[in-house]
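Quick notes on the structure that follows.
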Amino acid sequence: MDSWAYDWRKDPEITKKSMERRDVYLAAPFFNVGQEQEILAVEIMLTKSGLSFFSPRLECLYVKHSANAAAQADRAFFLNVRHLGGCKLIVAGLTWPDVGTAWELGYAHALHQPRLGFSSNDKAKGNLMINKTVNAMVPFNRLETAISCIALDIRERSRSTYNAVVAVNDPVMQCLPEE
């Protein structure tokens, strides 16, 4: 099925809840145990922060070799695009290179959505296109603090999400204490 011909209104799997706008879109690969453990940890951090989030891992069932793989792929693409365009912030896992995450970041960049990258290693720092696409980059071990600061900025300081993300790397804000 052509993704552009996909009609979500005729898809019985699309629910009102799946269409609700969220604060955060979580972009990250989840194709092996290490990736799943990392994204699960981020989902827990987001839950603790009180920010609502869309995680394709949780909400976009896609089984490549199933009988309805084409319908699943169309639904997953539709939901990903909808939530990328409707969220306040993209949190992107960059520990492992992943073309899906790169596409999500590029799409969010084109939409002028705020983008926060994180990584458990330094590999992502060497990629020019990723570095220029994210508004802020934090190591994984400081991500929970960054998410808490962003949530606080949005709720209590009335900052825009963009300013809250950029402030994560601002030493004047002192949101992330020195290591």
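The values are calculated or read from the model by the stated rules, or taken from the named source; none is laboratory data. Note that this is a predicted model, so its numbers are computed, not measured. Reconstructed Cβ throughout: ideal geometry from the backbone, glycine too, with neighbour counts over all protein chains shown.
All but one of (1) over 20 Å from residue 132 (Cα atoms); (2) in contact with a Gly (Cβ under 8 Å, 6 or more places away or on another chain) hold for residue 86; state the number of the condition that does not hold.
Exception for residue 86: condition (2).
Counting only residues that are assigned to a helix (DSSP H, G or I) and of a type outside the set (A, V, I, L, M), which one in the stretch 22-37 is farthest from residue 49 (Cα to Cα)? Break it down into steps so the answer makes sense when it comes.
Here is the first cut: in the stretch 22-37, the ones assigned to a helix (DSSP H, G or I) are 33-37.
From the residues that got through so far, the ones that are of a type outside the set (A, V, I, L, M) too are 34-37.
Values: 34: 23, 35: 21, 36: 20, 37: 19 Å.
Result: 34.
Mind telling me which of the residues 59, 38, 13, 20 ends up being touching a Phe, Trp or Tyr at 6+ places or on another chain (Cβ under 8 Å) and among the acidic types (Asp, Glu)? Even if it seems obvious, please write down each step before you answer.
Values: 59 fails: touching a Phe, Trp or Tyr at 6+ places or on another chain (Cβ under 8 Å); 13 fails: touching a Phe, Trp or Tyr at 6+ places or on another chain (Cβ under 8 Å); 20 fails: touching a Phe, Trp or Tyr at 6+ places or on another chain (Cβ under 8 Å).
Going through 59, 38, 13, 20 in turn, just one is touching a Phe, Trp or Tyr at 6+ places or on another chain (Cβ under 8 Å) and among the acidic types (Asp, Glu): 38.
If I ask for residues that are hydrophobic (A, V, I, L, M, F, W, C), part of a loop (DSSP other than H, G, I, E, B), over 12 Å from the mean Cα position of the chain (by Cα) and closer than 20 Å to residue 115 by Cα, which ones from the stretch 56-98 would you list?
Correct list: 96 only.
From the list 47, 15, exactly one residue is under 16 Å from the mean Cα position of the chain (by Cα) and loosely packed, with under 14 Cβ neighbours inside 10 Å. Which is it?
Details: 15 fails: under 16 Å from the mean Cα position of the chain (by Cα).
Being under 16 Å from the mean Cα position of the chain (by Cα) and loosely packed, with under 14 Cβ neighbours inside 10 Å holds for just one of 47, 15, which is 47.
Is the stretch 168-176 home to any residue that is surrounded by 20 or more Cβ atoms within 10 Å (Cβ to Cβ), at pLDDT 85 or above and either of a type outside the set (Ser, Thr, Tyr) or in contact with a helix residue (DSSP H, G or I) (Cβ under 8 Å, 6 or more places away or on another chain) (or both)?
No.
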